[in-house]
1. Under the condition of being of a type outside the set (D, E, K, R) and loosely packed, with under 10 Cβ neighbours inside 10 Å, which residue from segment 155-180 is modelled with the highest pLDDT?
2. Go through segment 140-173 and give me each residue that's more than 15 Å from residue 102 (Cβ to Cβ), touching a Ser or Thr at 6+ places or on another chain (Cβ under 9 Å) and not in a loop (DSSP other than H, G, I, E, B).
3. Please go through segment 50-79 and pick out each residue that is among the small types (Gly, Ala, Ser) and within 17 Å of residue 13 (Cα to Cα).
4. Just a yes or no: is a residue in segment 123-134 of a type in the set (Phe, Trp, Tyr) and surrounded by 17 or more Cβ atoms within 10 Å (Cβ to Cβ)?
5. Identify, from the list 66, 93, the residue that is open to solvent by less than 60 Å² (accessible area, probe 1.4 Å), in contact with a His (Cβ under 8 Å, 6 or more places away or on another chain) and either in contact (Cβ under 8 Å) with a residue 24 or more places away in the chain or within 26 Å of residue 25 (Cα to Cα) (or both).
6. Between a residue in segment 14-30 that is closer than 12 Å to residue 65 by Cα and assigned to a helix (DSSP H, G or I) and any residue that is at pLDDT 95 or above and β-branched (Val, Ile, Thr), which pairs come within a Cβ distance under 7 Å, given they are 6 or more apart or on different chains?
7. Mind counting the residues in segment 21-59 that are open to solvent by less than 30 Å² (accessible area, probe 1.4 Å) and at pLDDT below 90?
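The values are calculated or read from the model by the stated rules, or taken from the named source; none is laboratory data. Quantities reported herein were computed from a predicted structural model and do not represent experimental measurements. Every residue, glycine among them, receives a Cβ derived from its backbone with ideal geometry; neighbour counts consider all protein chains shown. For accessibility, only protein heavy atoms count, side chains too; no ligands or nucleic acids. Shrake-Rupley method; radii C 1.70, N 1.55, O 1.52, S 1.80 Å.
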Amino acid sequence: RQLPPERAISISVNVSKRQLAEPSFCAEVQQIIRDTGIDSGSLGLEVTESTFMAATESMDQKLRQLKQCGVHLHMDDFGTGYSSLSCLDRFPLDVLKIDRSFMTNLTSNRKYTAIVLAIVTLARNFKMKVTIEGVETEEQLAQILTFECDYAQGYYFSKPVDARAAGAMMTSEAPWLKPA
């Protein structure tokens, strides 16, 4: 099913360290882009913070190759304790995804507000967008809207669904669904 242009969506795919280590990974991603006809700019590959931290030179090259194809790179689970801030400049990242543990503690511990705001500021200074994971209540959504995060995900919006249900959601008039 085709969505109207004002409802353009992006697709994020989790990528494992093992997949990135495969010599043919970039070629496979490029083939999938050709086969499906999707705009490479609408594809985000989510790689965990710990995978970035363990990256080898060959993985660095692979990430840069993917970036040259127009694919967006997201650092997933940011803030879980494995990162060195120097890695933010080392990799061609587009999005930092703040781990859900911060969202879970946000309303009960004001210190987490300061941490999330610092991460958002850091991302902005590196010209990255920010996704916060784990939004489960309207109160949490209201709070993070003040942080100027670019994206949010969590059960407040939907539990995981199959492709048919996702298509139906995208054509519905959900109050939180805004044109891209």
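1. 160
2. Residues satisfying the conditions are 165, 166, 169.
3. Correct list: 50, 70.
4. no
5. The match here is 93.
6. From segment 14-30, the pairs are 29/71.
7. Looking only at that region, the number is 5.
The rows are residues; the columns are (1) in a loop (DSSP other than H, G, I, E, B); (2) surrounded by 15 or more Cβ atoms within 10 Å (Cβ to Cβ); (3) among the hydroxyl-bearing types (Ser, Thr, Tyr).
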| position | (1), (2), (3) |
| --- | --- |
| 61 | no, no, no |
| 70 | yes, no, no |
| 74 | no, yes, no |
| 77 | no, yes, no |
| 88 | no, yes, no |
| 101 | no, yes, yes |
| 108 | yes, no, yes |
| 111 | no, no, no |
| 117 | no, no, no |
